[in-house]
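Working notes for the structure below.
The values are calculated or read from the model by the stated rules, or taken from the named source; none is laboratory data. Keep in mind the model is a prediction, meaning the values are calculated, not measured. Cβ sites come from the backbone with ideal geometry, for glycine too, and all protein chains shown count toward neighbours. Accessible surface is based on the protein model in full, side chains and every heavy atom, while ligands, DNA and RNA are left aside. Shrake-Rupley method; radii C 1.70, N 1.55, O 1.52, S 1.80 Å.
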Amino acid sequence: MKMILLRKFRVLILMVFLIACSMHIMIDLLPKLERHGNSGCSCSHTPSEEPQSWGKQGWPNKHTLRILQDFSNEPSSNVSSHSLERIPAAGDKTQAFRRLEHQGLRGDRKRQFLQDAAVTKNLPAKGSRLLALYDHPLYKRALPPLTDEDTLFNVNTDIRFDPKAAEDQACSILWNHISLILDEFNPTGELTADSYPNWLRFHIGINRYELYSRHNPVIDALLKDLVTQRITSVAMKSGGTQLKLIMTFQNYGQALFKPMKQTREQETPPDFFYFSDFERHNAEIAAFHLDRILDFRRVPPVAGRLVNMTKEIKDVTRDKKLWRTFFISPANNVCFYGECSYYCSTEHALCGKPDQIEGSLAAFLPDLALAKRKTWRNPWRRSYHKRKKAEWEVDPDYCEEVKQTPPYDSGTRLLDIMDMTIFDFLMGNMDRHHYETFEKFGNETFIIHLDNGRGFGKHSHDEMSILVPLSQCCRVRKTTHLRLQLLAKEEYKLSMLMAESLVRDRLSPILIQPHLDAMDRRLRQVLNVLSECIEKEGYSYVVEDDLPGDRGTDHIHKGPRRR
């Protein structure tokens, strides 16, 4: 078993190196090995602090894979987030995996009852609303033919590689060495892209127009991995206002874990400022499903998972700062609080029942060393001040200034901002201070919808200021406008589609009914704003035609607004 795992590990090293070499990049994949003597763990825990499992595991004397993934959701944080932790010893993996699967399938009896009730209430008598939606012509629009410049990675699917094509001689030498490993593991040489782990297949599928295709089976497989893969290491993500954990899985994939801080029924207190609100794990899950239903496909896959805080966090972490914040509460529940700018103290500790805690797991994007991303300041960023207002809040003609500023003066970027505005308004998310794009595609590409944890905080209030970019600019894609109109129809009702989609998550129900109803109400308000724009400016000015036949919008500024 240990030999098989080692061979798989080596093949994964091969795959990521091939990507790096094909881009003429040499990356330090193998961090320095931390040596252990007879004293055991090389970390700074005292013997009394040391987790029991560490002493039993005995870390293997092998280099660790530096995972080529990243998830950046902080302003100006184009710094890779890596978990450079050791791979645990093989042990009895089958038994642990079965135990994890049983835990996930068993779930909570009460939740299962609520889940069944939601399906009964929201699904049509015949068929699936989601399947009917995705079968609609608006959801069958084909992409333009993809060139090498349109794909994030140019990978030969049969993994054949010519070292002469690499400019860096080190890549050629490396290939000769690793080819021997590949031949040992797979003598036939028939290793194809289908045998890649799902997280890598997700990365390879990213292109100029989308994070993933509409009917890509890899996404559902990746969502399953996020729930069932054994967690091998955990570390805190640096930066950010609230605690987030980087979790590494048995297949070397990584995900960002946001733990549960509030129940589904708790609304954001009315006196809370948007920048001091809690981040909600269920909001991250719901945002992925909403983004998919809107056909944007700009949110990385997110799934809910019930995590054992002792076995799957405390016992596998080598982050001593995280480990030291664990304690047992007076109610005999396992708790921890970590380190962050807000809500990381014993007063805001995250406690299990007794050691189980919910959380969202968001799949990492490709590492910045392989796929650089550019961080942009949102033109309609809020002031993040208790008294000051942003310029857009006091200048009704603010959009005219934005439209004269690159990259909003040409291309599709302004239309992407309008899509993101609608997405945020449906969730009630006021915290969109920055956004990111893949650097390779320049300005002609989509906006990545990262960090959605402050959505779905209030179902009883619609924050109309989120819609200001749309009302000021009066611009929208034709496909977006048509899909919004479709989702307002009874047979494709947004709340029903969301309920059907969310019921598939292991932590279902993700949203309570008032939040689902609020999305229907907000959708009507978006359409009302667009109707007023069309009445004032004219349909041809407001609606940008992007239906099949157009590769994209070459320009978006259509001249001065009507007066």
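Numbers at a glance
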| read-out | value |
| --- | --- |
| Criterion: under 18 Å from Leu130 (Cα atoms), in contact (Cβ under 8 Å) with a residue 24 or more places away in the chain and part of a helix (DSSP H, G or I) - qualifying residue of Leu497, Leu527 | Leu497 |
| Of the criteria (1) modelled with pLDDT of 90 or more; (2) open to solvent by less than 60 Å² (accessible area, probe 1.4 Å); (3) over 30 Å from Arg373 (Cβ atoms); (4) not charged (D, E, K, R), which one Pro137 fails | (2) |
| Some residue of region 313-335 being under 29 Å from Pro509 (Cβ atoms), in contact (Cβ under 8 Å) with a residue 40 or more places away in the chain and within 22 Å of the chain's Cα centre (by Cα) | yes |
| Pairs where the first residue, in region 129-141, is over 10 Å from Tyr492 (Cα atoms) and the second is open to solvent by 70 Å² or more (accessible area, probe 1.4 Å) and assigned to a loop (DSSP other than H, G, I, E, B), C-beta under 8 Å, 6+ apart | Tyr134/His215; Arg141/Pro548 |
| Residues located in region 204-219, provided they are outside any loop (DSSP other than H, G, I, E, B), surrounded by 16 or more Cβ atoms within 10 Å (Cβ to Cβ) and free of Cβ contacts under 8 Å to residues at least 24 places away in the same chain | Val218 |
| Verdict on Lys440 being among the charged types (D, E, K, R), under 29 Å from Val302 (Cβ atoms) and touching a strand residue (DSSP E or B) at 6+ places or on another chain (Cβ under 8 Å) | no |
| Test result for Arg387, over 25 Å from Thr151 (Cβ atoms) and modelled with pLDDT under 90 | yes |
| For Ala255: the one exception among (1) open to solvent by 10 Å² or more (accessible area, probe 1.4 Å); (2) touching a residue at least 60 places away in the same chain (Cβ under 8 Å); (3) among the hydrophobic types (A, V, I, L, M, F, W, C) | (1) |
| Positions within region 381-433 being open to solvent by 40 Å² or more (accessible area, probe 1.4 Å), more than 12 Å from Leu467 (Cα to Cα) and under 26 Å from the mean Cα position of the chain (by Cα), in sequence order | Arg381, Tyr384 |
| Number of the exception - Arg298 against (1) in contact with a His (Cβ under 7 Å, 6 or more places away or on another chain); (2) modelled with pLDDT under 95 | (2) |
| Qualifying residue in region 529-540 (condition: within 19 Å of Phe425 (Cβ to Cβ), over 24 Å from the mean Cα position of the chain (by Cα) and crowded, with 21+ Cβ neighbours inside 10 Å) | yes |
| Selected residue (criterion: nearest to the chain's Cα centre (by Cα)) from residues of region 448-496 that are among the β-branched types (Val, Ile, Thr) and over 20 Å from Arg292 (Cβ atoms) | Ile466 |
| Odd one out for Leu211, checked against (1) at pLDDT below 95; (2) more than 26 Å from Gln356 (Cα to Cα) | (1) |
| Hey, Lys244 touching a Lys or Arg at 6+ places or on another chain (Cβ under 7 Å), basic (Lys, Arg) and either open to solvent by 10 Å² or more (accessible area, probe 1.4 Å) or modelled with pLDDT under 95 (or both) or not | yes |
| Any hit, region 401-408, residues being in a loop (DSSP other than H, G, I, E, B), free of Cβ contacts under 8 Å to residues at least 60 places away in the same chain, within 22 Å of Thr151 (Cα to Cα) and in contact with a Lys or Arg (Cβ under 7 Å, 6 or more places away or on another chain) | yes |
| Matching residues, region 220-256, being among the hydrophobic types (A, V, I, L, M, F, W, C) and either part of a strand (DSSP E or B) or farther than 21 Å from Arg280 by Cα (or both) | Ala221, Leu222, Ile231, Val234, Ala235, Met236, Leu245, Ile246, Met247, Phe249, Ala255, Leu256 |
| Residue identified as assigned to a loop (DSSP other than H, G, I, E, B) and surrounded by 20 or more Cβ atoms within 10 Å (Cβ to Cβ) among Arg454, Arg483 | Arg454 |
| Residue match in region 553-562 (condition: in a loop (DSSP other than H, G, I, E, B) and modelled with pLDDT of 95 or more) | no |
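So that you can scan it fast, the table gives a plain yes or no per residue for (1) within 22 Å of Lys440 (Cβ to Cβ); (2) at pLDDT 90 or above; (3) not acidic (Asp, Glu):
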position: Asp158; (1), (2), (3): no, no, no
position: Phe161; (1), (2), (3): yes, no, yes
position: Asn186; (1), (2), (3): no, no, yes
position: Leu226; (1), (2), (3): no, yes, yes
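Rundown of residues vs (1) touching a residue at least 12 places away in the same chain (Cβ under 8 Å); (2) in contact with a helix residue (DSSP H, G or I) (Cβ under 7 Å, 6 or more places away or on another chain); (3) open to solvent by less than 10 Å² (accessible area, probe 1.4 Å); (4) on the phi < 0 side of the Ramachandran plot, yes/no style:
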site	(1), (2), (3), (4)
Ser465	yes, no, no, yes
Pro469	yes, yes, yes, yes
Cys474	yes, yes, yes, no
Lys478	yes, no, no, yes
